[in-house]
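Report on the structure given below.
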Amino acid sequence: MSKTSNSKFQIRLPILLTIAVAAGILIGATMADGDGAKSDIISGYLKFKEILTYVQRDYVDKVDTDDLVETAISRMLEKLDPHSVYIPAKELELAKSQLEGEFEGIGIEFNIIKDTIYVVAPLSGGPSEEVGLQSGDKIVKVDGEIVAGTGIDNRDVFDLLRGKKGTEVKVEIKRKGAKGLMDFTIIRDKIPQESVDASYMVDSEVGYIKVSRFQATTYDEFREALSELKSDGMKKLILDLQDNPGGYMDKAINMADEFLRDDAMIVYTEGKQPRYNSQARAYREGLFESQPIIVLINEGSASASEIVAGALQDNDRALIVGRRSFGKGLVQMPIPLDDGSELRLTISRYYTPSGRSIQKPYEEGAAEYSQDVRYRYEHGELFSADSIHFDDSLKYETINKGRLVYGGGGIMPDFFVPLDTSNIGNSSLGKLYNTNAIREYTLLYYENNKKELESMKLQDYISNFEVTDEMVDEIVNITRKNGEEVDKEEVEKAKDLIKNRVKGQIARGVWGNDGAFSIFNERNQVLQKALKLFGEAERLASR
């Protein structure tokens, strides 16, 4: 079960930061302390135990001791760095599911529209598809309890519909054209999550792969997509890591190895404990070692995605296009705790092949750190490369051609592409997104025109399907019915973007993400810039 949403910079800014804080995991090793540290730990433990005893025994009001302990742990870790985090047991399963590549549940992509759960699509091969749930179904009851019109949110849906493999859940749905409610008993199963969101041929030579995160299955998904595109005639690749918050480090290393040869350095780590020092080098024969590559990044590209971009840039293997990446160069180790919770502790820094640490400063604390992308926006960095200033002490050179690169705060692209400002501040466009009017309309349109749409080929749809002004007017009417007034001039200004979004969302219902991205990317300024740079990428590849 996954949730799709329309992404705007103003909406996603805090989300990007939150996800980036949680991403970047190194699997392995266990903790050990030297004798010198043990006395300090015992002293601190006794002091904390003493205070907690007084609070529990003598404090004037009743207290939740477990909550106090968990709060104290979280506050303690904030004193270290922004990426060392404590995950309570009740939240761990959901946190892990984002990285494991599968979860247990009923297998639907959903959206909440007008306080009702809509099935966007049953996931292919999942139990919901098997019993016959369809796009556009409205879930009214779960296990006999009404869930429509109750203020349900995404977490509530996860809690209701996810569960152990083999357990059952009963849902009652309202389907267009059917009288009354339809009953389904669904047996939960393992549901795969894909991290390669799209892979398709942009033209006869250029392939495109979008990777949204680095989870357990990412490398296998990526290698399969790369192999299929090569068989389709791909000679040049655009690897899209925009808004990829990272994840498992080893998956990023394996991905980079598909492009590098000759024992090339990919990344190395250094920690306080020698056991956390490591080097990763290319060792296998990759699928795409000599052809031109362009990697797309932005301020939401963090951690493992920065490892890939840094390795390819430092080895003069790919052009990096977009905006400066997030700047996370710390490695976390997951440490399971006795009560089922987990500590993710920073145990080393990683460095790109030229020796760069790309970790941005965090000495001012987590709150200030979390505002970094907002500061970039306010200072103009997202709109002009001239607003970006690096310390001369952080200069490095690439391995083969001696190109100038910088450390100290993310990967700076070889070619900068400013943020699209054409609709920033357009409050009416925000209302179309926030009321889910576009999603609501496209779901209904797909339902009403399903046979006609499914009889088309994607290329015919791309070339000939037109989103009319009348369709935009209907979306505006839905927005108003959902309680928001919009400005006519603002809608007119954003009309091309709205039409692109509607066309892509309808395509997703028929052809999945490949269809949607092939249309969305017509307005992706970073990708469009990349397509013009393959001459430069070819010169870089011919070393």
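The values are calculated or read from the model by the stated rules, or taken from the named source; none is laboratory data. Here the structure is a predicted model, which is why all the values come from computation and not from measurement. Don't worry about glycine lacking a Cβ; one is built from the backbone with ideal geometry, like all the others, and counts go over all protein chains shown. Areas reflect the complete protein model, heavy atoms only, side chains present, ligands, DNA and RNA absent. Shrake-Rupley method; radii C 1.70, N 1.55, O 1.52, S 1.80 Å.
At q = 0.14, 0.24, 0.31 Å⁻¹, what is the base-10 log of I(q)/I(0) for region 418-469 according to the Debye formula with one equal point scatterer per Cα and no solvent? Please give it to two decimals.
Relative scattering, expressed as log10 I(q)/I(0), comes to -0.57, -0.98, -1.14.
Would you mind giving the average projected area, over all directions, of the Cα convex hull of region 125-262 in nm² with one decimal?
Directional mean of the projected Cα hull area for region 125-262 stands at 12.0 nm².
What's the ranking of 67-73, 84-90 by average number of surrounding C-beta atoms within 10 Å, highest first? It would help to have the intermediate numbers written out before the result.
Working: 67-73: 13.4, 84-90: 17.3.
Per-residue mean Cβ counts within 10 Å order the peptides as 84-90, 67-73.
Give, to the nearest whole percent, the P(r) tail of region 362-429 beyond 14 angstrom, counting all Cα pairs.
Percent of Cα pairs beyond 14 Å in region 362-429: 71.
How big is region 135-174 along each principal axis, measuring the range of its Cα positions in Å and listing the largest first?
28, 21, 20
From Cα pairs below 8 angstrom and at least 6 apart in sequence, can you work out the relative contact order of the chain, rounded to a whole percent?
Relative contact order of the chain: 14 percent.
When you take every Cα atom in region 409-498, what is the radius of gyration, and what is Dmax, the widest Cα pair distance, in Å?
16.7, 51
Applying a 10 Å radius around every beta-carbon, put 301-311, 498-508 in order of their mean neighbour count, most first. Don't jump to the answer; show the numbers that get you there.
On the way: 301-311: 30.7, 498-508: 22.4.
Most protected by this proxy first, the peptides run 301-311, 498-508.
Using alpha carbons only, what's the Rg to Rh ratio of region 216-342 with Rh from Kirkwood? Mind showing how you got there, number by number?
Working: Rg = 15.5 Å, Rh = 15.5 Å.
Answer for region 216-342: 1.00.
Could the peptides 386-394, 517-525 be put in order, highest first, of the mean number of other beta-carbon atoms found within 10 Å of their residues?
Averaged packing, sorted descending, gives the order 517-525, 386-394.
From the protein chains alone at 1.4 Å, what is the descending order of accessible area for Leu404, Leu239, Leu531, largest first? Provide the component values of the computation, followed by the final result.
Details: Leu404 100, Leu239 0, Leu531 55 Å².
These residues rank, largest area first, as Leu404, Leu531, Leu239.
Find how much the distance from Glu129 to Glu285 grows on full extension, using 0.36 nm per residue of separation minus their present alpha carbon separation; answer in nm with one decimal.
On the way: separation 156, 0.36 × 156 = 56.16 nm, distance 3.89 nm.
Full-extension gain reported as 52.3 nm.
Where does the charge balance sit around Glu129 when Lys and Arg score +1, Asp and Glu -1, over other residues with C-beta under 12 Å from its C-beta? Don't jump to the answer; show the numbers that get you there.
Working: positive: none; negative: Glu109, Glu130, Asp137, Asp189.
With Lys, Arg at +1 and Asp, Glu at -1, the neighbours total -4.
What is the distance in Å between the Cα centroid of region 87-115 and that of region 125-191?
Measuring centre to centre over Cα atoms gives 15 Å.
Net charge near Asn513: determine it from the other residues with C-beta under 13 Å of the C-beta of Asn513, scoring Lys and Arg +1 and Asp and Glu -1. Each step should come with its number before you reach the end.
Values: positive: Lys210, Arg508; negative: Glu109, Glu194, Asp197, Glu221, Asp240, Asp514.
Summing Lys/Arg as +1 and Asp/Glu as -1 gives -4.
Over all alpha-carbon pairs of region 405-447, lay out the pair-distance distribution in 5 Å bins, whole %, shortest bin first.
Over region 405-447, the share of Cα pairs per 5 Å bin runs 5, 16, 13, 12, 11, 11, 12, 10, 6, 3, 0 percent.
What FRET efficiency would be calculated for the residue pair Thr421, Asp386, taking the C-beta separation as r and a Förster radius of 22 Å, to the nearest 0.05? Display every interim value, and only then the final one.
Numbers: r = 16 Å, r/R0 = 0.71.
The calculated FRET efficiency here is 0.90.
Between region 240-259 and region 393-435, what is the separation of their alpha carbon centroids in Å?
18
Given R₀ = 56 Å, what would the calculated FRET efficiency be for Asp263 paired with Lys451, taking r from the Cβ atoms and rounding to 0.05? The partial results should precede the final answer.
On the way: r = 56 Å, r/R0 = 1.00.
Working from the Cβ atoms, E equals 0.50.
So what's the Cα pair-distance distribution over region 181-240, bin width 5 Å, in %?
Cα pair-distance distribution for region 181-240, in percent: 4, 18, 23, 16, 11, 8, 6, 7, 5, 2, 0.
For region 279-385, what's the radius of gyration and Dmax over Cα atoms, in angstrom?
16.6, 50
Convert each backbone phi in region 444-453 into a coupling constant with the Karplus relation 6.51 cos²θ - 1.76 cosθ + 1.60 (shift: θ = phi - 60°), then list the ³J(HN,Hα) values in order as whole Hz, x for Gly and Pro.
5, 5, 5, 4, 6, 10, 4, 5, 5, 5
Rg to Rh ratio, the chain, alpha-carbon atoms and Kirkwood radius?
Values: Rg = 24.9 Å, Rh = 25.4 Å.
Radius of gyration relative to Kirkwood radius: 0.98.
So how compact is region 498-538: Cα radius of gyration and Dmax in angstrom?
Final numbers for Rg and Dmax: 12.4, 37 Å.
Through the Karplus equation 6.51 cos²θ - 1.76 cosθ + 1.60, θ set to phi - 60°, convert the phi angles of region 53-66 into ³J(HN,Hα) values in whole Hz; use x for Gly and Pro.
4, 4, 4, 5, 7, 10, 4, 5, 10, 5, 10, 9, 4, 4
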